[in-house]
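The structure under discussion appears below in the form of structure tokens.
The values are calculated or read from the model by the stated rules, or taken from the named source; none is laboratory data. Note that the structure is predicted; figures quoted are calculated from it, not measured. Note: ideal-geometry Cβ built from the backbone for every residue, glycine included; neighbour counts use all protein chains shown.
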Amino acid sequence: MKVIQRTAQQIIWLAVVVVVIVAAILIFPTLSRGLQAPATSISQLTQADFTPTPAGYPGPEVSAPLTAQAVPTQTPAGYPGPEATGQSPATEIVDYEATQAAMWAEATASAQGPTPTPIVLVGPRTLVDGTRQYSLELPEGWWAVAVAGTTLTNYDSDKLTDVHQLPPGGIKVYLGIGSLDGLSVNELIENKKAREVAAYNEDAPGSADNLKFTDVQPLQLGPHPAFEYYMTTPEQFVIRYIVLSQDDRIITIAISPADSRAMDEALMILSTLTFLPR
């Protein structure tokens, strides 16, 4: 009996060993082929070998390497983009002059009505008259007021309690532009003197007898040859007149008081005066 049992156990173990050996023989070649299979190149792949990607996105095989790219900057509406931030001063001056010329023209036109509206500008800046006939450099600490003509001052006239009483060192420079109308500069000056005499006599007959004029003298005002003379009023107030011209245009300048310690600074400003092309 024991012999039969032992024989049965040996048969079972032998069957198990046979099964394991057969399984090993069947599985090992398959694993070997899988490990040794050569890699397939990109060129051998077909469209079916790729995993579809969402629309608008490239698949892995066409992904480009990352490179630095300029990203356009979005700027708020009303502000210039980066390319416009380097505007030259000349462009800014042109824009300013156009605006100022419109203001000056408005002041000149309003001065002809019953209620003149003065336009006030404060230095430093380039001043262009309303008719765009001339320009000059207005420095810091100076004001320009336009009512028909242009008046420059080294004080704020709005702060004066008495317009006839200037602050210490105060000076006023009036500029008016016109045409020679076929006259010489000397003839125009003599006509102006005659009008001054007539105006004083109209206000107070005989008062012009105390109105005094100096002879006309040549003067170099910056690049411009000019002429000057002085007028002393019956009240002993002295005004310095300067006249310069280009072609048929003429600028008459009245500076008062003529003994102001700011006279040199006023002349320096006037030396920057430039006739503008028509």
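Quick notes on this structure:
- Some residue of region 240-260 being more than 36 Å from the chain's Cα centre (by Cα), over 25 Å from D181 (Cα atoms) and of a type in the set (D, E): yes
- Residue in region 228-243 that is touching a Phe, Trp or Tyr at 6+ places or on another chain (Cβ under 6 Å) and of a type in the set (K, R) present: yes
Each row is one residue, and each column tells you yes or no for (1) closer than 21 Å to W143 by Cβ; (2) outside the structural domain of N154 (by TED's automatic domain parsing); (3) outside any strand (DSSP E or B).
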| site | (1), (2), (3) |
| --- | --- |
| N191 | no, no, yes |
| Y200 | no, no, yes |
| Y230 | no, no, no |
| Q236 | no, no, yes |
| Y241 | no, no, no |
| A266 | yes, no, yes |
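- The set of residues in region 243-271 that are under 21 Å from L166 (Cα atoms), of a type outside the set (D, E, K, R) and without any contact (Cβ under 8 Å) to a residue 40 or more places away in the chain comprises A258, M268.
- No other residue among I171, I177 is farther than 19 Å from T274 by Cα and either crowded, with 16+ Cβ neighbours inside 10 Å or within 28 Å of the chain's Cα centre (by Cα) (or both) apart from I171.
Here's the yes/no breakdown for (1) in the same structural domain as A194 (by TED's automatic domain parsing); (2) in contact with a Phe, Trp or Tyr (Cβ under 9 Å, 6 or more places away or on another chain); (3) crowded, with 19+ Cβ neighbours inside 10 Å:
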position: P223; (1), (2), (3): yes, no, no
position: Q246; (1), (2), (3): yes, yes, no
position: I251; (1), (2), (3): yes, yes, yes
position: S260; (1), (2), (3): yes, no, yes
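- Residue count, region 135-149 (criterion: free of Cβ contacts under 8 Å to residues at least 40 places away in the same chain and over 8 Å from G123 (Cβ atoms)): 2
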